[in-house]
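Right, one structure below, let's go through it.
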């Protein structure tokens, strides 16, 4: 069965929506289902000869990036392979000490403390590899890229509507499961308000990026407001307003701060790209900022968010900082190979000493994506990831003097910077659905810039 490109695009978007929405619950079964979905899309793409050739071209033009991505994937797989305890004693002494203290008669152990969770981490990594391979091929023209960005904005809008309504009626459940935490905040299908906020501002980023491409394609100087009303841009603005409300009602400091940085980033971009302080893009963003302030003041009250920023429990923040210090200490203990993807919860149960009156506290994440990643992959994994990071930005920086390149380089770089800033206080990138979405957006950077049919001014 050979499917046309538009059908494959639609199938990819459906799998993405399922992956992001349902993996918000961090259900291992759903992770497997989404992985199967992306693998199916990949093989269907290979059956289309034209797309097959483009995938091969994408691989060859980014060979260095994909080789090291594959090396990283193999590295993760090797860490769940059972090894003799005598070998682990030599290459990973901390693992050996831990396993020796466990009264289980078992001769083979892995470098990962929790091989099951690490396996799901491998599945996610396979998803990312496939996305980087096929996304730049499926969405390699401006109208295709705009289709993807519009879809994300609509997806976020639907989530925001559902979550805001659910919050207003008291958050009785979370996808038919009784909700216990964050009853006064929007979380939608997600288990954590900060993660939900991250998802929404990524969708808002997509909407704003759509507007950028739209103005570039349609010569913003001559494009009247009445013409804009007849286009999807009008709906994008409406969607972003609801996304703004959704982000606001998460009452997540990290998400709201990141969203403001996103808006300011696009203001910055509008100035350097369009050479004018007042242009259609900056007008849109300023309107959104004013509307957000209005919504906050009239419907929810300024005091709510201010209260959220001020209500921070000293004990809670102390625990958070202590978790980060603990996470870094465990990285030093397992410095070479790390303790394995998704294994921090196990490490926490074994080694963490709870403060008095906090006996019920359980942590599955460090509340710092960077520190947790260090602990998971170790120095070897970190070196491979740094090479991957450099090769990615080398690709989109390659032709920086070209406007086609420059717009994406600026916007994707700013997005990565904002996500890195947020990762210091959050664990959104360790919720399966979020990194999948981030990888899709970053895949834009691997599209053949010269063939992307956008008019620039």
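Nothing in this text is a laboratory measurement; each read-out follows from the coordinates by a stated rule. Small disclaimer: the values here were computed from a predicted structure and weren't measured. Note that we place each Cβ from the backbone using ideal geometry, even for glycine, and neighbour counts take in every protein chain shown.
The modelled label-to-label distance between residue 235 and residue 74, using points 7 Å beyond Cα along the C-beta direction, is 4.6 nm. Sorting the segments 2-8, 92-98 by their residues' average number of neighbouring beta-carbon atoms within 10 angstrom, most packed first, yields 92-98, 2-8. For the range 46-169, rounded, prolate or oblate, judged on the Cα gyration tensor with a ≥ b ≥ c (square roots of eigenvalues), a/c < 1.5 rounded, else prolate if a/b > b/c? In terms of gyration-tensor shape, oblate. With a Förster radius of 45 Å applied to the C-beta separation of residue 104 and residue 50, the computed FRET efficiency comes to 0.25. Remark: spin-label model distance residue 291-residue 7 equals 3.8 nm, labels positioned 7 Å along the Cα→Cβ axis. Highest mean packing comes first when the peptides 257-267, 40-50 are listed by Cβ atoms within 10 Å, giving 257-267, 40-50.
Per-peptide packing, taken as the mean over residues of other Cβ atoms within 10 Å, places 320-332, 56-68 in the sequence 320-332, 56-68 from highest down.
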